[in-house]
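Quick notes on the structure that follows.
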Amino acid sequence: MISIIVPIYNAETFLPRCIDSLLAQTTTEPLQILLVDDESTDQSPDIMKSYAARDNRITVLSQKHAGQSVARNLAMRHAEGDYIAFLDADDALEPEWCEQHLAAISGVDYVQSGYKRISPDGKPLKGTSGEGKLPLYAHQFTSPCMRLYRRNTIRDLRFAEGFIYEDVLFSADLWIKGVRCRIIPYTGYLYTLNPHSTTAKRHPDDEKRLFAALRAKAVGQSLRNKLIVLLTITRLKFHFLLP
């Protein structure tokens, strides 16, 4: 079984496309779709309930508004699959996403792939990353999405609560474990360029907190792990400066 975790807050515009993409997966393996409502104030809860009533692979979890980290952690406690994947509510997966990742996970702890950028109305974006972007090395992408994990690989990991950039810290913890990764030449994650998303604008204070937390993780680590953290900090500082 594959457990797919989707944290949701006021995503009514994108949610049907997101859920439909999960129900359209071509894999023959069973799916557990965990939708976590972070106390949305729009029609997202009704959309979730409607889909859950029609398909028993969907489970709806609810929490008081506490953010994406808490929502993901809640769902991880309910995940029953041998494998776990994360999807953001404004994004979607191509139909072969699960199948492609399952075919490649033998002998490794997680499979990493790439993404394509799409507009809010679902149209492919041309230019940078529009045709697809793949990581050049295992530690390049800090998002927990675009990966299929063995459940045992991340069973002791959790997302840092109270951080905007919690995905970076999760990835750092994953890499420090010394896990085995396989990158596949597949860009079936459809990333929506959403101007209203949390990370669409800079948060300087949160960036400083992030870098401080990363530096703290490097203390007492091996030279390899210190280099991974340093590389992550350097790449992110450059990324935050981009328009």
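The values are calculated or read from the model by the stated rules, or taken from the named source; none is laboratory data. Note that the coordinates shown come from a computational prediction; the quantities given were computed from them, not determined experimentally. Because the Cβ atoms are built from the backbone with ideal geometry, glycine has one as well, and the counts that use them run over all protein chains shown. Remember, those area values only see protein heavy atoms, side chains included, never the ligands or the DNA or RNA. Shrake-Rupley method; radii C 1.70, N 1.55, O 1.52, S 1.80 Å.
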Taking the Cβ-Cβ separation of D205 and R77 as r and a Förster radius of 35 Å, what is the calculated FRET efficiency to the nearest 0.05? 0.70
Once both axes come from the Cα atoms, what is the angle between helix 166-176 and the longest principal axis of the chain, in degrees from 0 to 90, rounded to 10? 60 degrees
Rounded to 5, the percent of DSSP beta bridges in the chain classed as antiparallel: 30 percent
What value, in deg cm²/dmol to 500, does the helix sum -39500 (n - 2.57) over DSSP H runs of n ≥ 4 give at 222 nm once divided by the residues of the chain? -10500 deg cm²/dmol
Length gained, A216-L231, 0.36 nm per residue minus C-alpha separation, equals 4.0 nm
Can you divide the C-alpha Rg of the range 1-126 by 2.2 N^0.38 Å and report the result to two decimal places? 1.03
Which one of H78, F238, M48 has its Cα pushed farthest toward the positive end of the charge dipole of the chain, where Lys and Arg give +1 and Asp and Glu give -1 at the Cβ? F238
Under a point-charge model restricted to the Cβ atoms of Lys and Arg (+1) and Asp and Glu (-1), what is the dipole moment magnitude of the chain relative to its Cα centre, in debye to the nearest 20? 1120 debye
Would you mind giving the average projected area, over all directions, of the Cα convex hull of the range 129-172 in nm² with one decimal? 4.0 nm²
Run a plain Debye calculation on the range 68-159 (Cα atoms as equal point scatterers, no solvent) and give log10 I(q)/I(0) at q = 0.12, 0.19, 0.23 Å⁻¹, rounded to two decimals, same order as the q list. -0.42, -1.03, -1.35
Note the count of lysine pairs whose C-alpha atoms are less than 19 angstrom apart in the chain, limited to pairs 8 or more residues apart or on different chains. 13
Can you tell me what the convex hull of the Cα atoms of the chain projects to on average, as an area in nm²? 12.6 nm²
Added length on full extension, which subtracts the Cα-Cα distance from 0.36 nm per residue, K123 to L193: 24.2 nm
What accessible area, in Å² to the nearest ten, does a 1.4 Å probe give for T28? 130 Å²
Cα long-axis angle, helix 204-218 against the chain (0 to 90 degrees, to the nearest 10): 70 degrees
